[in-house]
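To keep things clear, I will list the structure first and then write my remarks on it.
The values are calculated or read from the model by the stated rules, or taken from the named source; none is laboratory data. No experiment lies behind these values; they were computed from the predicted model shown. Note that we place each Cβ from the backbone using ideal geometry, even for glycine, and neighbour counts take in every protein chain shown.
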Amino acid sequence: MEIVILPTPAEVGRAAAAKIAHLVARRPEAVLGVATGSSPLAIYAELAARRAAGLDLSRVSAFALDEYVGLPTSHPESYASVIRSTVTEPLGLDPERVHVPDGLAPDIEAACARYEDAIAAAGGVDLQILGIGANGHIGFNEPTSSFRSRTRIKTLAPRTREDNARFFASLDEVPTHCITQGLGTILDARELVLVAQGENKAAAIAAAVEGPVSSMVPGSVLQWHRTATVILDEAAASRLQLADYYRYTFRNKPDFQRWD
Ligand code: GLP
């Protein structure tokens with residue numbers, strides 16, 4: 001796992017966007033896994049700026065990590081809406097190539113299976129963008145999610161509902177269920193890029209990066225991936241024991257491995 005510590009949240013976004021731009025330059029039809037939440041917003045803003053400067057993302061496909069169950073897609077907090085307004089439109093993606101799990105499907109299990117099939121049909125995800133919840137969740141894989149899980153329905157942990165209540169008028173309006181790509185689905189992506197900013201992520205990051213691999217900290221599954229990069233601001237990195245080593249490693253990175 002590569003750990004990159006940068007001074008500010010904006011630099012975290014710029015660095016992750018540079019990695020994605022590097023991929024798209026090599027592979028214009030790249031398949032991205034896209035995350036919601038506040039963490040990746042700086043990435044999308046930077047990609048939109050690069051688009052304005054000539055980066056063509058029109059052939060890129062995208063698969064969202066998750067979606068609430070039972071929220072109309074027209075609801076501004078449905079992930080279908082959030083992905084449209086933060087990813088598809090600003091980045092100029094083709095809406096036909098942007099996929100979000102169907103949280104309104106009458107047969108949820110069939111919808112989950114279709115989502116897995118669609119990812120496979122697109123050739124798999126080249127680069128999965130991830131944030132991390134304060135309880136260590138990735139996507140909506142809450143603690144004790146199976147490492148081999150696939151796209152499925154999950155019950156949101158009370159803490160996740162409380163964390164996400166800021167996007168809704170009240171806690172009661174936050175759905176109790178979601179569809180999320182599984183940890184096994186996420187691990188199948190060819191590359192993972194997790195971003196985190198702020199002190200309130202420091203404990204989850206320390207547990208995911210340096211703690212034991214445990215389903216109690218779903219983000220720790222990144223330790224099993226061949227090509228995972230974790231990009232942090234100083235606050236999110238503040239509880240890492242080996243922070244100086246990660247800085248030293250990044251400073252001394254061979255040129256051929258650079259993407260920034
Ligand atoms: C949300 C999403 C995750 C996201 C996480 C953190 O509930 N399902 O994909 O990474 O929680 O969100 P934020 O980046 O806003 O802290």
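Values for this structure:
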{"item": "One residue from R59, R51 being of a type in the set (D, E, K, R) and touching a Gly at 6+ places or on another chain (Cβ under 6 Å)", "result": "R51"}
{"item": "Scan of the stretch 108-138 for residues that are in a loop (DSSP other than H, G, I, E, B), more than 16 Å from the ligand (Cβ to nearest atom) and either out of contact with any helix residue (DSSP H, G or I) (no Cβ under 9 Å at 6 or more places or on another chain) or under 23 Å from S214 (Cβ atoms) (or both), ordered by number", "result": "G123, G124"}
{"item": "Residue list for the stretch 139-154, restricted to those being more than 13 Å from the ligand (Cβ to nearest atom) and without any contact (Cβ under 8 Å) to a residue 60 or more places away in the chain", "result": "R148, S149, R150, T151, R152"}
{"item": "The stretch 238-260, subset outside any helix (DSSP H, G or I) and free of Cβ contacts under 8 Å to residues at least 24 places away in the same chain, residue surrounded by the most Cβ atoms within 10 Å (Cβ to Cβ)", "result": "K253"}
{"item": "Test: residue in the stretch 69-77 that is aliphatic (A, V, I, L, M) and part of a helix (DSSP H, G or I)", "result": "no"}
{"item": "Condition broken by R97, with the remaining ones in (1) free of Cβ contacts under 8 Å to residues at least 40 places away in the same chain; (2) charged (D, E, K, R); (3) in contact with a Pro (Cβ under 8 Å, 6 or more places away or on another chain) satisfied", "result": "(3)"}
{"item": "Residue check, A122 touching a residue at least 12 places away in the same chain (Cβ under 8 Å) and surrounded by 14 or more Cβ atoms within 10 Å (Cβ to Cβ)", "result": "yes"}
{"item": "Scope the stretch 139-179; condition among the basic types (K, R) and in a strand (DSSP E or B); matching residues", "result": "R152, K154"}
{"item": "Verdict on V221 being among the β-branched types (V, I, T), in a helix (DSSP H, G or I), over 15 Å from the mean Cα position of the chain (by Cα) and at pLDDT 95 or above", "result": "no"}
{"item": "Test: residue in the stretch 18-25 that is small (G, A, S), within 19 Å of the chain's Cα centre (by Cα) and either assigned to a helix (DSSP H, G or I) or within 16 Å of the ligand (Cβ to nearest atom) (or both)", "result": "yes"}
{"item": "Residue ID - nearest to the ligand (Cβ to nearest atom), chosen from residues in the stretch 35-68 that are within 17 Å of A121 (Cα to Cα) and hydrophobic (A, V, I, L, M, F, W, C)", "result": "L65"}
